[in-house]
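Scroll down for the structure; my scribbles are underneath it.
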Amino acid sequence: MKENYRLFRFCKNNFSRMLILVVFIMGNISLYAQETEYCEANTILDMDWITYITTNGAIQNMNYEQNSFPDNGYVYDPDMVIEHYAGGQVSFELGMTEEFYAVNAWVDVDGDFEFSSFESIFDDFSYDMSISGVINIDPDLPNGEYRARVRAGFTIFEPLDPCGDIDYGSTLDFIIRIVDEPSCPTPNSVAATNITTDSAELSWETEGEDLEWEIEYGEAGFELGEGEIIITSDNPYVLTGLESETQYEFRVRTLCDSEESSWSSLKSFSTSCQATDIPYIVDLSDVDIPNIPDCMRTENLSGGNNWTTVNDPGNGFEDNVFMYGWHGSADADAWLYTQGVNLEAGQSYVLTYRYGNNNESYTESMEVAIGQIASSTAMSEVLASHMEINDATAHEEEVVFEVDEDGVYYIGFNALSIANQFNMYLDNISIDLYLDTPDFDSSELTMYPNPTSELVYISSKVLVNQVNVYNVLGQRIISQGANSNTLELNVTTLEKGSYFVEIQTEQGKETLKLLVK
């Protein structure tokens with residue numbers, strides 16, 4: 001990955017370009033805004049496109065999102081602006097719908113309505129679905145507005161041209177505006193971490209000391225200027241009194257002695273769901289691929305990828321499963337957190353899950369930890385370590401553990417694979433009470449058919465006393481007495497999804513997973 005790109009360069013020996021530049025500066029006109037002849041840049045096949053571009057550290061950042069293939073693979077929005085000052089630095093991240101693509105960018109610094117080779121500001125290739133970098137703006141660049149173009153698409157390790165057709169990918173034109181450096185610095189690297197059901201830790205970076213900041217926040221979509229206001233000298237700042245399972249947005253600006261800075265870009269976060277009781281099971285049956293389920297959370301501490309979901313990847317994994325996909329250059333440090341679960345001190349619990357990878361030639365790594373906040377800094381105890389996952393086989397794991405005090409706990413699965421490996425899979429995550437009943441042989445207990453949509457039959461060589469069915473929230477929705485070795489359970493009223501069937505026998509208790517289709 002390339003970093004610290006020099007943003008703009010001038011061609012000193014081209015009189016016509018210098019003349020246009022002089023007219024551009026002296027006349028204070030925006031040449032790009034006229035109806036001129038910038039070259040066309042279209043895509044032939046409507047399959048892949050740039051999904052997002054975000055910048056950070058600018059006075060005014062850009063947040064571009066595209067959820068479908070744009071017309072002809074091209075977008076130009078003159079209101080999409082990155083505003084910063086000469087000599088400043090801007091970081092960026094770009095996402096694509098697929099892996100293996102080139103990214104090229106240009107800025108028309110001389111106003112001649114062409115994107116020349118000397119105006120290239122970025123040239124790189126990504127093996128992954130995202131790429132990031134840092135751009136240093138030339139300190140001698142005059143104030144003004146400049147037309148910029150970024151293009152991403154499939155290529156065989158060759159840079160893309162700024163004009164003409166490409167088979168796959170898309171092109172985005174926008175504006176870069178250079179202004180005077182502000183005396184009151186705008187906060188950047190704005191983030192929300194350590195998020196709970198009713199609080200979040202807000203942080204940012206600003207040059208200077210003994211500063212105060214103004215925070216404006218509200219539920220997602222609130223009218224800017226009408227949100228809740230907080231004045232603070234604390235950075236980070238813990239925002240409290242929030243509603244659970246709610247998406248919020250916030251922005252920050254610096255308060256200097258006689259003025260205030262521009263607002264930072266708007267950031268969003270979602271508070272955690274209310275904690276659930278055991279038995280707890282992660283249900284992936286209705287997940288919208290590649291998203292993770294509601295009430296779960298991810299955290300990425302490196303330049304690698306995030307956990308996602310995929311369907312039926314093979315190697316012993318069927319239906320929907322979690323996946324950490326390989327990154328070509330960055331080591332993994334990606335967390336996947338469960339919903340908060342109410343646990344009690346002095347009680348033994350069992351965490352179960354399956355894990356594996358897809359190719360014997362590559363090695364994946366993962367640790368499993370527990371903590372009272374869904375954050376890497378709060379994962380206080382490692383429960384399991386799987387540092388050599390390389391046999392392309394699904395492995396079942398059971399971890400028995402206890403907690404020191406009553407409270408809400410989160411299980412974190414931390415992908416730690418080195419760069420340029422392959423795919424790691426995870427599924428069948430559940431937490432339940434651990435009952436040490438060595439005389440109970442679970443192989444003597446059967447439940448069939450599974451999955452089912454109508455009736456399920458339970459058969460045991462020992463007497464079954466009671467059967468309870470729980471949903472993924474830990475709520476008991478069926479309770480049926482038995483006092484028999486066989487039992488018929490009607491599940492026609494249950495919605496499609498995953499459930500826990502708790503079977504209590506004379507020798508102990510067994511909990512099985514039931515899938516209703």
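Just so it is clear, none of the values below were taken in a lab; they were calculated from the coordinates. These numbers come from a predicted model, not from an experiment. Glycine also receives a Cβ, built like all others from the backbone with ideal geometry; neighbour counts cover every protein chain displayed.
Legend: ranking of residues Ile178, Ile289, Ile135 from fewest to most surrounding C-beta atoms inside 10 Å; resulting order Ile289, Ile178, Ile135.
Note on the stretch 350-411 and the stretch 439-517: Cα centroid distance 27 Å, given to the nearest whole angstrom.
Between Glu98 and Val400, the modelled label-to-label distance comes to 5.1 nm, taking each label 7 Å out from Cα in the direction of the beta carbon.
Fully extending the segment from Asp77 to Ser302 would add 77.8 nm, taking 0.36 nm per residue of separation and subtracting the current Cα-Cα distance. Once you place label points 7 Å from the Cα toward the Cβ at Ser258 and Glu454, how far apart are they in nm? Inter-label distance under the simple model: 8.4 nm.
Counted over the stretch 188-270 with a bin width of 5 Å, the fraction of Cα pairs per bin, in whole percents, is 3, 15, 28, 26, 17, 7, 3, 0. Farthest toward the dipole's positive end in the chain, which of Leu343, Ser498, Ala152, given Cβ charges of +1 (Lys, Arg) and -1 (Asp, Glu) about the Cα centre? Working it through, the farthest residue towards the positive pole turns out to be Ala152.
This model, with +1 at the C-beta of Lys and Arg and -1 at the C-beta of Asp and Glu, gives the chain a dipole about its Cα centre of some 620 debye. Its Cα centre serving as origin, the stretch 188-270 has a Cβ charge dipole (Lys and Arg +1, Asp and Glu -1) of approximately 300 debye. Relative to the current alpha-carbon distance between Ser116 and Ser132, full extension at 0.36 nm per residue lengthens the span by 3.5 nm.
When only the Cβ of Lys, Arg, Asp and Glu is charged (+1, +1, -1, -1), the dipole of the stretch 442-516 relative to its Cα centre reaches about 140 debye. Once the Cβ-Cβ distance of Ile229 and Thr493 is raised to the sixth power relative to R0 = 51 Å, the FRET efficiency obtained is 0.55. Going from the fewest other Cβ atoms within 10 Å to the most, the residues Thr240, Thr338 appear in the order Thr240, Thr338.
Label point of Met47 set 7 angstrom out along Cα-Cβ; within the stretch 165-179, amide nitrogens under 17 Å from it belong to 165-171. Here the residues Tyr52, Tyr168, Tyr410, ranked from fewest to most Cβ neighbours within 10 Å of their Cβ, fall in the order Tyr52, Tyr168, Tyr410. Taking a point 7 Å from the Cα of Gln89 along the Cα-to-Cβ direction, none of the residues of the stretch 252-268 has its backbone N closer than 13 Å to it. Against the chain, whose longest principal axis comes from its Cα atoms, helix 15-27 is set at around 80 degrees.
Lysine pair count for the chain with Cα-Cα distance under 24 Å and sequence separation of 8 or more or different chains is 4. If you take all other residues with their beta carbon under 10 Å from the beta carbon of Ala415, and give Lys and Arg +1 and Asp and Glu -1, the sum is -4. Listed values [x] 52; [y] 67; [z] 47 include one computed from this model; for percent of Cα pairs over 33 Å apart that value carries the label [x].
Compared with the direct C-alpha span, the chain from Phe69 to Gln480 gains 142.7 nm at full extension, assuming 0.36 nm per residue. Comparing Leu211, Phe269, Phe222 along the charge dipole axis of the stretch 188-270, the residue lying farthest to the positive side is Phe269, per the Cβ-charge model. Using the Cβ-Cβ distance between Ser380 and Asn465 with R0 = 35 Å, the FRET efficiency computed as 1/(1 + (r/R0)^6) comes to roughly 0.35. Its relative contact order, with pairs defined as Cα atoms under 8 Å and 6+ residues apart, puts the chain at 11 percent.
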